[in-house]
Every structure is written in structure tokens, then in C-alpha cells.
Amino acid sequence: MTTTTRSIPDRLRSPLERNLKSWESLLMLVAIGIFIANSFASPYFLNAWNLSDATFNFTEKAMIAFAMALLIISGEIDLSVAAIIALASTAMGAAVQAGVGTEGLVLIGLAVGLACGAVNGFLVTGLGLPSIVVTIGTMSLFRGISFIVLGDQVYKSYPADFAFFGQGYVWWVISFEFVLFAIIAVIYAVILHMTNFGRAVYAIGNNATGALFSGIRVGRVKFTLFLLTGLMSGVAAVCLTSRLGSTRPSIAFGWELEIVTMVVLGGVNILGGSGSIPGVVIAAFVMGLVTFGLGLLNVPGIVMSIVIGALLITVIALPRLWSMWRG
Amino acid sequence: MKRILASRELLLLVAIALVLGIISSRFPAFITLSNLAAVFNDTSPLILLAIGQMIVILTKCIDLSVAANLALTGMVVSLINISAPGLPIIVTLAVATGFGACLGMFNGILVWKLDIPPIVVTLGTMTIFRGTIFLLTDGKWVNSHEMSDTFKAFPRTELLGLPVLSWFAIAAVILFTIVMTRTTLGRAFYAAGGNPHAATYAGINVGRTQFWAFTISGALAGLTGYLWVSRFAVAYVDVAGGFELTVVAACVIGGVSIMGGIGSVPGALLGALFLGIIANALPVVNISPFWQMAISGGAIIIAVVLNAQANRTKGRVILKRAEHAT
Amino acid sequence: MQLELRPDVSNAAAPTPLLSLSGVTKTFPGVRALSDVSLNLYPGKVTALVGENGAGKSTVVKVLTGIYQPDEGDIWIDSEALSFPTPQSAETAGVTAIHQETVLFDELTVAENIFLGHAPKGRFGLIDKTAMATRAREILDGIGAKIDPGATLKDLGTANKHLVAISRALSIDARVVIMDEPTAALSQKEIEELYELVESLKAQGKAILFISHKFDEIFRIADFYTVYRDGQMVGEGAIIDVSEPELVKLMVGRDVSQIFPARDHNVGHDILEVAGYDHPTEFADIGFTLRRGEILGFYGLVGAGRSEFMQALFGITRLSGGTVRIDGAPVSIASPADAVASGIVYVPEDRGKQGTISALPIFQNVTLPSLARISRKGFIRLAEEFKLAREYTERLDLRAASLDTDVGNLSGGNQQKVVIAKWLATQPKVIILDEPTKGIDIGSKAAVHEFMAELAAQGLAVIMVSSEIPEIVGMSDRVIVMREGRIVAELARDQITPETLVSHAAGIREAAQ
Amino acid sequence: QDNMRIALVVKALGIGFFEAAAEGAEEAAGELGNVEIIYTGPTDTTAEGQIEVINSLIAQGVDAIAISANDPDALVPALKRAMDRGITVISWDSGVAEGGRQMHLNPSSTPLIGNTIIKLAADHMPDGGEVAILSASATATNQNAWIEAAKEVLPNYDGVDLVATVYGDDLSDKSYREAQGLMASYPNLKAIIAPTTVGILASCQAVTDAGKIGEINVTGLGLPSEMAGCVDSGATKSFAIWNPIDLGYSATMLAHAIANGAETGAGAEIPMGRMGSVTLDDTGSAAMADPFTYDSSNIEQFKSIF
Ligand SMILES: Nc1ncnc2c1ncn2[C@@H]1O[C@H](COP(=O)(O)OP(=O)(O)OP(=O)(O)O)[C@@H](O)[C@H]1O
Ligand SMILES: Nc1ncnc2c1ncn2[C@@H]1O[C@H](COP(=O)(O)OP(=O)(O)OP(=O)(O)O)[C@@H](O)[C@H]1O
Ligand SMILES: [Mg+2]
Ligand SMILES: [Mg+2]
């Protein structure tokens, strides 16, 4: 059928070259720029303890953002994550009243997160509903349940050793949360970039029908992603509850949009199909540095959110403007 | 006719009747004409916003900045009113609509010319618009006594037994029903969202169509911004905080497909009314306030499930066709 | 150079062109789709545009209809140079097209689809719905389509959708009608009706551009031909002056045998047994066996439910009943993953949507179903991955710049090769090819046929769904004919003739006995 | 000597009440000299937002934090850390649980506020009748404590009948709707008591729009600058509030005193400039002053002040 077999080269551009021209590099420059600007703007910035405190501004959100990144790459979204935190935290609070110990509390927090993820996963993959509206619904539902349970009450008196998750330090200024954040980042980077599962996530995000026709268990993968997102919300719930030492139904209110912002800023295509974990890690630092840096200058919070909003749009618009100018 | 009363809208109508029935069985006063008129009036802002949002969603976009647009425009017209209390109301209306439309155009331009995903654009402008109010006012409120009487009186002026606010909603429903079913632009919204690729072939500029959708949504949000601040006689940064999700929920309940291409003005109207009736009934029915959030969440999920059921494609039904043929 | 002159001056025998194109160049990032091509269309005549996949035929259509702007070159209508900055300006100039891709809207009605963008206006500039419905009715009747103008498009079958697309093109009062592979989705009867339509358009003095990969069609209805190869015009003339092999050679640049590969029809033992396959609405009681080394043809009119059944066999659709045995052992197939695990793979009809993941590179597409094999404990080994991808793409003689080129940048034929490579890499037992050569040019077609024969010779069992009679006759060891969701006949090798196939598929009683 | 930096942390920026308190803080700073006020707060009224603010204040090494808390418990760990780093922490207006601050300054005593809001309604209902409460969110601790206190003194007011407590979440549309709901459900309603500014404004508007001025009296807690319209229209006969300027002033004075070493145990007496001094009870809290009542006779005078 053919006369000659020609060898097709593997790649035209080396992976290194690809990486250098990537979104992540652009974002890294932004991050470095902000770091330098901050250290000039405020004398308090370059201080180990202060920087350590600053990490608390984003670690919990970033943990969820990693799972959310996978979910968004696969073409879905979960807006109920903050509500899952509320529900998981409420469950832990209720368990405290029932005398459950620290290990039990952690398990309950994670289990509730998983269960909520399963509800979302079932509604989306089992019933084939669009995730953005499903999770707008479960967002009210999950937080609504905490309101029903807790009303205007508060759960506190968590065991003393429970405080470690949100307030403990592993070594010097390195907090437990930060270590957890780093570990989770590595785990998700490995899952997404080095495994079959990660490859399936990209394939589904690019063309779910094509992936299904290629023998990928699309429903199962998506369901797993919702489970993971729920689980991460559970982890964040443990950390946040421990850090606050108390639970009210309004806990973590409005986090979902900040988490989505973090993911998108990290270069994940909101329409699915592309994105990377290193990008999200850098985005987490960028958002943390911006809010902390502006906080040191006592800039009102609402101005910070303008800055984040503008950053989101400009960082995404810049490459497009650039290519428009050139061609 | 078949299209207007497609199962989605019919289903919703039945659901609304059901809810009304349940409420009235316990509180007959709720379904008196005057109370229903009051509920409609109260839901009018949501109806106006839902119509705009529906058009945006039709074109495969989403506008999360509507509530922030409303708040910013409301503040701008309030500030104008303070400095020029004698301005005729028609000018205020024009300014509100025009300013809102400009904010919408800003979203639209970013989506059209820079091709940034709409959810990202409006997530960004949502915070930017609200932040701008803070920068404009330093966070200060504009209070009732600072607003001129005509400014405040307009939306509540009664016309044929209904407040002007309600008439705006009714006018918008009529106007946009015509626009969506009987104009080229209306068809273009459906086409651009239903099949963007094919729309290009049919000579429709998808980006520009989306731009107009955002402009309309922005104009309606701006108009609602004036109506809102004058109705509640107060303007501040957090006006209508979080309302964007209610608006999206109204659309979704009204059968608008988040994937674009499917939706109608009557659907958006019914979706808004459904939420409006629940919101108005809950205080009357005396349900614990702690239950309200879970109830509205549950309502959204049920609506989505039902809509999906109504939309389910029936496949090609080759066998049935064969039976008919023989 | 011929392009310097007006075409009518250079060729005295031909009538004056109604539309002519000269020196048109169009580049996409990395691809020169058209370079310096020309094209002439004559009033009352059909010009066939032929060329391999990716030759630039559809691109020239898009240039002519204002969807793409050429980098260079002119469009002349009636000796007047025009430019089409938008699709509307092309419409205004009287150019209309039936595009290769369906350009319709599921949620709109048939009438709205036909008149989108140029609906009749009534008072206040509002769309006049009654006039629209009436005129839609007229146009549909004109092409013999029995479709309700008020029906929602999504309720229509593929063939009817195509008729709507044709009606849409005709709703514009055009002088130039372009048809880009209009018969690809139509049944024989509808194709005949289309031919009649073309005749009547000719009689009205319209200039017609007809793009097709089917040579019988071209020789039947075209008056002139133009051949493109790799984005360049390589020949044109009157159809009566050219023979089929000559045209093929122009197109491919070499001799291609149109004879189907010789096969020794040695089939082995049973490998796949299907019994009592039922779907509540789409098909009923499908049962057959398939043997090693066999090519089993599935014939039927378009819409007979072959694809539906194959997709059910592949685990996409849920069933109400039926059993599958592979090598005698029953298997349960609830998802494509199960099917692949049992050794059944499916090359779908709709390449773009179902076959490839166009934004992923070639190597990732090829290895997608075989990830388990090239990974250790779930971790992908890149070197193994490239090795596997290269092995199979080279076996199929894929043409690509590199293995990390996105599949979306390949031509249709090469995309098909990626899909086949993907499945061969799983080392299947049964391969189902659904319309494997649909929309594929003649050169690649021969390659696909040869490859199919090779697969069978290696002992693979092949199911080939095809609506092309020559292909079915030329390739199959055995044929199953489906009609309206049921098997109506099973033909042994010596019974496979065009006549029996058509009469069974169409349900003509005498022949069916 | 370096300036002493005192951070006045509020529930959220842009609320008139807190803007006025910031004015008072500046006044105190001017009086004390060598004091720099950092007026700050989060975007939304969330505990997480306030923690971020606290973290940045700790990083700047301010001398004292005076906070009006969004959550009495959730802020405790963050504020404890501030105290560990030598920062003086007091809460004012809306309190922090005992472990998280050195003292708390109540604007007024809870029982007194509870009594005042009922009395405001009862004063204009000589024959008694139905009243309803429209509060902020159901989780607002301040409001809930006041409502509890109000319920306790209710038996002292003959014929005054509390028929419902509803929540407007400090959203104007929801509060308005809740007020409408109250009027619909209780046709004989005589007064709506709203111990929150958004709620009282929305109720006024709802009553005005329903044409029930004179029938239903809207009262509760609000700022004169915001309430002037309601008083003018007659929808509100009188309302109360403590002076936010005084509150900010006092909080700053207290923070300054404690940062300079004043004792904070139970029974300790701490001076606060022109406002005299407070004595801490055994929960470490103290009340500043009685709420002050505003009506048509004095609203003109105060509406331009706060
Ligand atoms: N939008 C585009 N972007 C990039 N490349 C394109 C684009 N459209 C077409 N091409 C490329 O231009 C070339 C010509 O494509 P075209 O669709 O015109 O081929 P064709 O002759 O119609 O083929 P077929 O017979 O398969 O329909 C191909 O290489 C194709 O990949
Ligand atoms: N109305 C429809 N609803 C859902 N899917 C459809 C519809 N029409 C066509 N399809 C899908 O489009 C593809 C092409 O359809 P086509 O008209 O070729 O019929 P088919 O089922 O493939 O019949 P056959 O293969 O027997 O010709 C198939 O995959 C089919 O599933
Ligand atoms: Mg083509
Ligand atoms: Mg088929």
C-alpha cells in the first residue's frame, strides 16, 4: 500500500521551549514582580513570620482550587465548594457535641465532603445535568442544611489538639496548612500530568464524546473529580474550622468565586481542555501576595478585589492583545 | 403556538399554580388580586434582569456582573440626582439605561474583540463595578432624604392600578417577546448560541451578537438599578449583593439552557415569577428563616431535573417510524 | 500566464463565465490552503471541482461565500471585480452555497432555518411569519421534500436536515449555486431528486459548482471540471474531454487503481456472536455471527439504524435485551470501555465529534484507549507512548509534521488514519468501521480498502458499515442488509450484487425472495 | 517617641455607623497626640475577611487593635496570636469571646437596648397592639441578644404583643419583602421594630409604599443621617441609637490606655477621655452609655453629624 515508510518526528518544539513560552512563565513574572513591589512598598513584608501568616490567606482555597482545576479542565465546575465547607464544618461541630475525638472529627469532615461531592457527581453524571446550575442549586442546599441544623447557634469547644490543623506549625514558620498545601499540590500535579487519569481528564475536557468513543469511562472520571473536589472541600473545612476554632453556617461564604478566580488566573481554560497545576500554584501565590501586600498598606478590601478582578481580565487579555498587535 | 406552550413553560406554569394552590390553602389572602399584584411588582426587577440574562445565556455566555451593574448604575443616578435634583425623570431613565448599556458593552467588547470567556470577563467586572461604587462614594450611602421626591416617586406612581415598576416589567416582556421572535436580531441570538459555527456561515457575526446581548443585559440592569434604588430609597455598595445568582437561577428554572440556544422570554418570566412567589410566600407562610436557603436550593435542583427531562432527546425512533409506515 | 487574461478570451470554445476567480491565495497559520488558484463557472452549466482531501475545495467555497477573506486574488462576476467581506455581501451578489458541514440550528423551526438572515419582513420591519412559512413550503415542495416548515429542526433525521440545508441555499435568489459534497448524507432516491434539481437550476441559467468525491456522479451531471491538488489548480476543461483515470491522475498526481484489493476470503472460526439485540425504539432482534478474517458488510439505506446498532454493540447506547459472545464466552458490554476490553472497537462515522479529540496531539489520540498498556501503576511512560504511537501511525502511512501536531490540523483522511491507528494499537479482535471512506478522497480510499483487507488477512474480524454499493460489493465476504431497524437479509458472497442489495434495502418484494 | 498605631477594625467598610466611629477615633487621636489611627475592615461582613485584616495588622506590628467582630468565636485564634505578639486587643460594638480580647466595650448594656426598642414602640401605642421585629440576619449575635432582652421585658408593657420576628439579612430587597409580609400577615400590626439600619430603612419604605404611615410606626435602631427621610415622612415617630462618634472615641481611648499598661481585670476602671470612665464586669465588658432617642424635634440637628 505504501512505497516508503517515513519516520515522523516525535516533537517539533522541545518541552523546555514550550514551557518557557507558557502561561505559567508569564504568571511567574507577575508573581515575582508583585513580590519585589511588595518588598519595596512595605517594610514589614520581608519577614518570615509575616510571610508565613500571609500563606493562610490562600492555602485552604488553593487546596480546593487544585481539585477544581481538574474539574474545570474536564469541562465541569463546582460552585458548591464553599457550601460544602459549611456543611462539613457543621457536621464536625455536631460531632464535637456528641463527644467525638479529633481523629473522628477529621474523618467526619472528609466524609461529609465526599458525600456532598457524590451528590454533585450523581446529579451531573448520573442525571446528565449541567454542572454550573446543579452546583448553584446544591450551593444553596448544602449551606441551607447547615442553617437548618445550626440556625443562629455556634459550635465551638473543639478539642485542643484539633487546633493543630489550622494553627499548628510543623517547623519554625512552616505551618501545617502550608505543608499540606504543598503536598496536595504535588499530588495533584502528579495525577494531572503524569497519570492515565490525568490524560483522561484532558481528553474529556477537549471532547467528551470523543473520549467516550475512545473507551474512556467519562461518567466515572467526572464522578471521581466531583468526589475529589468534595474531599478537598472537606480537607479545607477541617483546616478552616480548626483555624477559626468554631463553626457558623456562614463560614467560608463567597469562597467559590475566589477559588474559580484562582483557577482561571492559573491559566486553566474555563471552557475545559487545558491548564496546569503549576499555574494554579503560582496563581495562589499571586492572589495571596496581592491581598497581603495591599493589606500591609491598609488598602480597603474592596480595592483589593478590584485589583484581583482587573488582574484576572488583564492577565488573560494581555496575550491576546499582544498577538493582535503583532498580526 | 406549539412552540410557545412547549412542555417546559407549561410544566413551570403548572408548578407555579401548584405552589400558589398550596400557599392559598393555608393563607387564602395570598392569592387575592391585590396581593398577587404586589408580588408581581416585587418580582419586577428580577423579571427585567432575567430577560437580559436569558438573552446573554442564549448566546452561550453568562453575565455575572448584572447585580454589580445595577448597584453601580443605581449609585450613579443617585449621585446625579443629588447634584441635579430637578432633572426630569425621563433623563434619569435615559442615563440609567445608557450607563448600564455602556457597562454591558464593556463586557461585550472584551468577549467579542478579545475573545475572553464571558464567565471570566463578568467575574472580573463584577468586582470592578462594585469596587468602583466604593471609590466613587468612599463607601457612603445615599439616603432617602437626599433623593428628590420625583426621583423616589416614579416607580411607585400608579397607572391603571399597577405601579410603574410593574409596567416596566410588562413592557419589557412584550418588547422582548417581539424582539426575540420577530426580529433578525432575535433570531441571531438563538442562532449564535445554538450553533455558533453555523451562525457564521449564515452571515451572523457571533461575537457582535454576543456584544449586543451583553449590551441589552447591561441596559436592563442599568434601568433596574434606578428602579431599585428609588424603590428602596437607598443606594450603597452592597445593593443587590449576590443577586446575580438569583437571576441565573430564574433563567435556569425558566428552561433557559446554560449551553445556549434554548430559552424564551415567557420562560424567563415564569422562572422569575416562580422565585418571586416563593420569596414572597416564605415570610407569609411563616417558615423558619433557617429553612429558606435550603428550600430555594432544592427548588433550583428540582427545576433543573425537570427541565432536563423535558429536553431529553427521544432518539430517532426508527422502529416506531417503521410501524407507522406499515 | 493564463491568469493575466480574462478566461473568456483564452478559451473560445467555452461560454463566458458568470463567475470567475483568479489568483486566489489563502493561508492559515502553518497551512497554505490555496495558492494562486482560479475557477470559472458558466451560466447554465455544472462545473465539478475535484481534489483530494485537503486540496482546498471547501476553502474556495468559503472564499466565494464571504466566510473567508482571501489573502490575494479577485472574484469576478459578469466581468466586474467584487469582494465579499461578509456572507451577506456574497448573498447580495447572488452566490449561495450548500456547505459541507451542516450549518443549521436544532432549536429553530425548519422555516426559520431556511430564512435565517434573510427572512421576509412585514410591518415595522418585523419578520413576517406567515410569508416565511408559505415560502418555505414552496421551496421544500420544489425539491420534493415532505417536511413541515413549522417542525423544529432537532426532530428531523439527518437526510431531512440536509434537505433543509439545500432549501436554505435555494431560498436565496442566486445566480451561482455551490454544492459542497451535497450527496454525502443522502439516500439513492434523494440523490436522484437532487440531480433533477440540478437540471432545473441549469435550465434556469444558474451557474453551479459541484464538489464531490464520487466519480459516477461527476460524470453524470457535470459539464466542466476543475482539479485542485494541494491548494493549487492543476487542470480544467470539459468533462467530455476527459476520462475517469485521467481525472484521478490529475487529482492524485499518480496512477491509482480503482480495483478493490484481491482477497482470498479465507475465514476462520466464529469469533463474535450477537443474538437478540433489542433497543426500545431504534432496532429489534439483531443477531449474527462473525468469523476471524472476515469482512462483514452492513448495507442499508441511510437511516436504517446500522450506526445505532453498532454504537449499541460498542456500549454507547443502553439496550433492552440481547447477548454477545466473544470466542464463545458471553461478555457484557455496558460501556465502550467494556467493549474495548472485550476486543471490540468502533471507528465512528462522525470523525470530528466522535472519532478524534482534535485539540490533543496525534500521539495522545493514538494511545488514549491503550494507556493501561503504556503505563506502570497508572503512571504514563512517555517513551513507551511515543513508541506505540509511532508504530501504528507509520503502519498507516500517516502524513504529519510531527507526532505532537494537534489532530485538528490534519486533513480528513489523515484524521481517519489516526482513529484507525488508535484502535489497532489496542490489538482488537473485532473492528467496526462505520462508513470508513465517507468524505475521503479516492487515493486515501484505496489505501483504507487495502488496509481493511490486510487486517482481515491478519485474522481480525471486520464489520464494515457502508452505504456505497461498490464498496460493499468489492470488499465484503458476506453482507447483512438492514431496513428500518431490522435485519432483512443475509447475503453470501455469491449473492452480493447491486440489485439484490438495493431491493432488500428498499424492501422491494419480488427481489427479496 | 514613635507614634502609637491603633487599628480600628470594623465589620465592613462603607457602613455609615462605622464611618462615624472612625471620626470619633480620629478625634481621640487628635486629643491624645502621637496616635495614628488605621481604619480598616474587610469587603464583606465575614470572619475570614477580618482574619486576613488582622494578619496584616499583626505583620505591621500595630500597637493595638480595636475590633467590631463579625463572629465572636471565629476571630479568637487570630486575635490570640495578635496578643501573643504583644498587641493590645479590645473589641467594641460587636464583641469577641473572652479569650480573644482584653476587654469589650458595649455601646450600651444589652438589657437597656432591649428595653429601649420595645419602649420606642410602646410609647406610641397607648392602647397596646401587635408589634413585630425585623432583624438583620438570623445569625447576627448582637441583634439576637437585644431581641432576647426585649422579649424579657415585654411583660412590663401591657397590651404590647410581639407577633413575629423575621430576618431581612441586611439586604434592602429582602428586608422590604419581609416588611411587606408582616403587613400582609398581621393586618392589625401597629409597629415594626428593626434593630438594624438596613432593616429600619427598608421597613419605612415598605410602610410608606403601602400607604400605612400613621397606622404602622417603624422604629428601632438607625442613624439620624439615614433616618431623616423616615422621620420627615412620619413613618418613624422616633428611633434610638448610641452615638457612634462617641463609641469610636471611647474604643480608641480604651485601647490607648490598655496599650499603655492599664489593668484589665474584672472590676478594673479605665478612663476614656471626655466620656468619663468604664468599670469592667466579670466578663471583662463594660457599657458606654445609654442609647439616645431621636425624633422630629432633634433630627435636623443630628442628621448632618452622623
Ligand atoms: N480554519 C482553518 N484553519 C486552519 N487550517 C485550515 C482551516 N480550514 C481549512 N484548513 C486547511 O486547509 C486545507 C484545505 O482544506 P479544505 O477544507 O478546503 O479541503 P477540502 O478540499 O474541502 O477537503 P475535503 O475533501 O476533505 O472536504 C487543509 O489542509 C485544511 O487542514
Ligand atoms: N434525529 C437524530 N437524533 C439523534 N441522533 C441522530 C439523529 N439523526 C442522526 N443521528 C446520528 O447521526 C449519525 C448519522 O445518521 P445516519 O442518517 O447516517 O443514520 P444511521 O443511523 O447511521 O443509519 P445507517 O447507518 O443505517 O445509515 C448517526 O450516528 C446517528 O446516531
Ligand atoms: Mg471539503
Ligand atoms: Mg450510519
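The values are calculated or read from the model by the stated rules, or taken from the named source; none is laboratory data. Quantities reported herein were computed from a predicted structural model and do not represent experimental measurements. So basically every Cβ, Gly included, is an ideal-geometry build from the backbone, and we count neighbours across all protein chains shown. Just so you know, the surface numbers come from the protein's heavy atoms only, side chains and all, with ligands and any DNA or RNA stripped out. Shrake-Rupley method; radii C 1.70, N 1.55, O 1.52, S 1.80 Å.
Considering the conditions (1) open to solvent by 10 Å² or more (accessible area, probe 1.4 Å); (2) more than 16 Å from ligand 4 (Cβ to nearest atom); (3) in a strand (DSSP E or B), C:Tyr277 is excluded by exactly one of them, (1). Can you name the residue in region C:124-133 that is more than 32 Å from the chain's Cα centre (by Cα) and more than 10 Å from every other protein chain (Cβ to nearest Cβ) and, of all such residues, is farthest from C:Ser171 (Cα to Cα)? Among those that are more than 32 Å from the chain's Cα centre (by Cα) and more than 10 Å from every other protein chain (Cβ to nearest Cβ), it is C:Thr130. Annotation note: of A:Gly254, A:Gly272, the sole residue that is in contact with a helix residue (DSSP H, G or I) (Cβ under 9 Å, 6 or more places away or on another chain) and either open to solvent by less than 20 Å² (accessible area, probe 1.4 Å) or farther than 18 Å from A:Arg143 by Cα (or both) is A:Gly272. Taken as a whole, the structure places C:Ile178 among residues that are within 16 Å of ligand 1 (Cβ to nearest atom) and within 23 Å of the chain's Cα centre (by Cα). Based on what the data block shows, is C:Leu433 away from ligand 4 (no atom under 16 Å from the Cβ), hydrophobic (A, V, I, L, M, F, W, C) and in contact with a strand residue (DSSP E or B) (Cβ under 8 Å, 6 or more places away or on another chain)? Here the answer is no, as C:Leu433 does not meet what is asked. Across region C:288-297, the number of residues qualifying as within 20 Å of C:Gly321 (Cβ to Cβ) and open to solvent by less than 30 Å² (accessible area, probe 1.4 Å) comes to 2. Taking region C:311-362 as the range and being touching a residue at least 24 places away in the same chain (Cβ under 8 Å), within 26 Å of C:Asn414 (Cα to Cα) and either part of a strand (DSSP E or B) or touching a Lys or Arg at 6+ places or on another chain (Cβ under 8 Å) (or both) as the test, the residues that pass are C:Gly343, C:Ile344, C:Val345, C:Tyr346, C:Val347, C:Glu349, C:Pro361. The C-beta contact set for region C:458-477 (first residue part of a helix (DSSP H, G or I), second residue within 16 Å of ligand 3 (Cβ to nearest atom), distance under 8 angstrom, 6+ apart or interchain) comprises C:Glu471/C:Thr437. Inside region C:134-147, can you point out the residues that are open to solvent by 40 Å² or more (accessible area, probe 1.4 Å) and in a helix (DSSP H, G or I)? Listed by number, the residues that qualify are C:Thr134, C:Arg135, C:Arg137, C:Glu138, C:Asp141, C:Gly142. Annotation note: of C:Leu140, C:Leu163, C:Leu156, the sole residue that is of a type in the set (A, V, I, L, M), assigned by the TED database to the domain that holds C:Glu217 and touching a residue at least 40 places away in the same chain (Cβ under 8 Å) is C:Leu156.
Filtering region A:65-118 to residues that are touching a strand residue (DSSP E or B) at 6+ places or on another chain (Cβ under 9 Å) and not hydrophobic (A, V, I, L, M, F, W, C) leaves A:Ser89, A:Thr90, A:Gly93, A:Gln97.
Comparison of C:Val465, C:Val419, C:Val407 shows that the only residue that is within 11 Å of another protein chain (Cβ to nearest Cβ), crowded, with 23+ Cβ neighbours inside 10 Å and within 16 Å of ligand 2 (Cβ to nearest atom) is C:Val419.
Considered as a group, the residues in region C:312-333 that are facing another protein chain (nearest Cβ under 10 Å) and either over 18 Å from C:Ile431 (Cβ atoms) or surrounded by 21 or more Cβ atoms within 10 Å (Cβ to Cβ) (or both) include one that is nearest to ligand 1 (Cβ to nearest atom), and that residue is C:Phe314.
The criterion of being within 26 Å of A:Gly295 (Cβ to Cβ), open to solvent by 20 Å² or more (accessible area, probe 1.4 Å) and not hydrophobic (A, V, I, L, M, F, W, C) holds for A:Ser39. What tally of residues in region B:101-118 results from selecting those that are surrounded by 19 or more Cβ atoms within 10 Å (Cβ to Cβ), out of contact with any Phe, Trp or Tyr (no Cβ under 7 Å at 6 or more places or on another chain) and farther than 22 Å from B:Gly225 by Cα? Matching residues across region B:101-118 total 2. Does any residue of region D:266-278 turn out to be among the hydroxyl-bearing types (Ser, Thr, Tyr) and under 22 Å from the mean Cα position of the chain (by Cα)? Yes. The C-beta contact set for region C:45-61 (first residue within 14 Å of chain B (Cβ to nearest Cβ) and open to solvent by less than 10 Å² (accessible area, probe 1.4 Å), second residue within 16 Å of ligand 2 (Cβ to nearest atom) and in a loop (DSSP other than H, G, I, E, B), distance under 8 angstrom, 6+ apart or interchain) comprises C:Val61/C:Gln100.
Starting from residues that are assigned to a helix (DSSP H, G or I) and modelled with pLDDT under 90, keep the ones in region B:136-151 and report whichever is most open to solvent (accessible area, probe 1.4 Å). Ranking the candidates gives B:Asp149 first. Summed over region C:347-366, residues that are open to solvent by less than 20 Å² (accessible area, probe 1.4 Å) and at the interface with chain A (Cβ under 7 Å from one of its Cβ atoms) total 5. When B:Phe176, B:Phe211, B:Phe168, B:Phe189 are checked against the criterion of being open to solvent by 30 Å² or more (accessible area, probe 1.4 Å) and part of a helix (DSSP H, G or I), B:Phe168 stands alone in meeting it.
Of the residues making up region A:128-172, those that are closer than 23 Å to A:Ala118 by Cα and among the aromatic types (Phe, Trp, Tyr) are A:Phe142, A:Phe147. One residue stands out among those in region B:195-204 that are over 18 Å from B:Ile216 (Cβ atoms) and open to solvent by 10 Å² or more (accessible area, probe 1.4 Å): the one that is farthest from the other protein chains (Cβ to nearest Cβ), which is B:Pro196. Against the definition (under 19 Å from the mean Cα position of the chain (by Cα) and within 16 Å of ligand 3 (Cβ to nearest atom)), how does C:Tyr299 come out, yes or no? No: the conditions fail for C:Tyr299.
Of all residues being part of a helix (DSSP H, G or I) and either touching a residue at least 60 places away in the same chain (Cβ under 8 Å) or in contact with an Asp or Glu (Cβ under 6 Å, 6 or more places away or on another chain) (or both) in region D:27-49, which is surrounded by the most Cβ atoms within 10 Å (Cβ to Cβ)? Just the residue, please. My answer is D:Ala28. For D:Ala21, state whether it is away from chain A (no Cβ under 14 Å), touching a Pro at 6+ places or on another chain (Cβ under 6 Å), open to solvent by less than 10 Å² (accessible area, probe 1.4 Å) and not in a loop (DSSP other than H, G, I, E, B). Judged against the criteria, D:Ala21 is a match. Within the group C:Tyr228, C:Tyr195, which residue is surrounded by 17 or more Cβ atoms within 10 Å (Cβ to Cβ) and not charged (D, E, K, R)? Answer to the selection: C:Tyr228. For region C:219-240, filtering for residues that are farther than 25 Å from C:Gly73 by Cα and without any contact (Cβ under 8 Å) to a residue 24 or more places away in the chain leaves 1.
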